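Below: one structure, written as structure tokens.
The values are calculated or read from the model by the stated rules, or taken from the named source; none is laboratory data. The shown structure was predicted, so the numbers you read here are calculated from the model rather than taken from an experiment. Cβ placement follows ideal geometry from the backbone for every residue including glycine, while neighbour counts extend to all protein chains displayed. Keep in mind that these areas ignore ligands, DNA and RNA; they rest on the heavy atoms of the full protein, side chains included. Shrake-Rupley method; radii C 1.70, N 1.55, O 1.52, S 1.80 Å.
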Amino acid sequence: MALTTEDIVARCEAAVQEATPALAVRDVLRQLVSEPSAVAAALGPVEAGGITPLHRSSDLTVLHVAWTPGIVLYPHNHLTWAVIGMYGGQEDNAFYRRRAAAGLEPAGGREVAAGEVLVLGDDVIHSVANSRREFAVALHVYGGDFFAPGRSEWDFETFEERPRDLERTRRVFEEANARWRAAP
Ligand SMILES: [Fe+2]
């Protein structure tokens, strides 16, 4: 039987019931991205970058994320653990620490290539870029309601903190999609 989005969500729902949910989800995503063509077939073709919710509840969010070539998303937090499983392309993650007074300082990075899985702790602040000329496609799983209020984002120039604005995030994807469509 072919893999479906319902299967993907069901496996994640089972994993969050375990004693170590983030690690259980990590293992689910490792298994899934080891068969990237099955995941791609389940999720369907990607024609534009964006975030598509597959499941949302108070203890679990599953997103299908497609990063447009050239996109750069400013630093933000999730306030929950997160597991990223790449099934195509590559996500360039940059990490940050809060400065004692205000703002952020860079704290390393991690490139996540197709077939790899990255676990992020609940205090992680990261920005994400796709520096390649193909879509970076991933499953993002969070141990809470990703869309709930209370999250922060930071201006990329000033590192000033502000309440997370998902409408702004949507515009970042839209602008990247327009640039990519117009690219030679
Ligand atoms: Fe994120």
**OP:** Would you confirm whether any residue within region 84-101 is in a loop (DSSP other than H, G, I, E, B), touching a strand residue (DSSP E or B) at 6+ places or on another chain (Cβ under 7 Å) and under 18 Å from Ile51 (Cβ atoms)?
**Re:** yes
Subject >> Subset of region 112-144 (residues that are open to solvent by 20 Å² or more (accessible area, probe 1.4 Å), within 14 Å of the ligand (Cβ to nearest atom) and assigned to a loop (DSSP other than H, G, I, E, B)) >> reply: Gly121, Asp122, Asp123, Val124, Gly143
Subject >> Selection within region 152-173 - among the acidic types (Asp, Glu), in a loop (DSSP other than H, G, I, E, B) and open to solvent by 60 Å² or more (accessible area, probe 1.4 Å) >> reply: Glu157, Glu160
**OP:** Determine, yes or no, whether Ala42 is touching a Ser or Thr at 6+ places or on another chain (Cβ under 9 Å) and either free of Cβ contacts under 8 Å to residues at least 60 places away in the same chain or surrounded by 20 or more Cβ atoms within 10 Å (Cβ to Cβ) (or both).
**Re:** yes
**OP:** Being aliphatic (A, V, I, L, M) and closer than 24 Å to Ser37 by Cβ narrows it down to one of Leu104, Leu166, Leu139, Leu120, so name that one.
**Re:** Leu139
Subject >> Failed condition for Ala22, given (1) within 22 Å of Ile125 (Cα to Cα); (2) open to solvent by 50 Å² or more (accessible area, probe 1.4 Å); (3) in a helix (DSSP H, G or I) >> reply: (2)
Original post:
When you go through Leu54, Leu60 one by one, which is the residue that is away from the ligand (no atom under 14 Å from the Cβ) and open to solvent by less than 10 Å² (accessible area, probe 1.4 Å)?
Top reply: Leu60
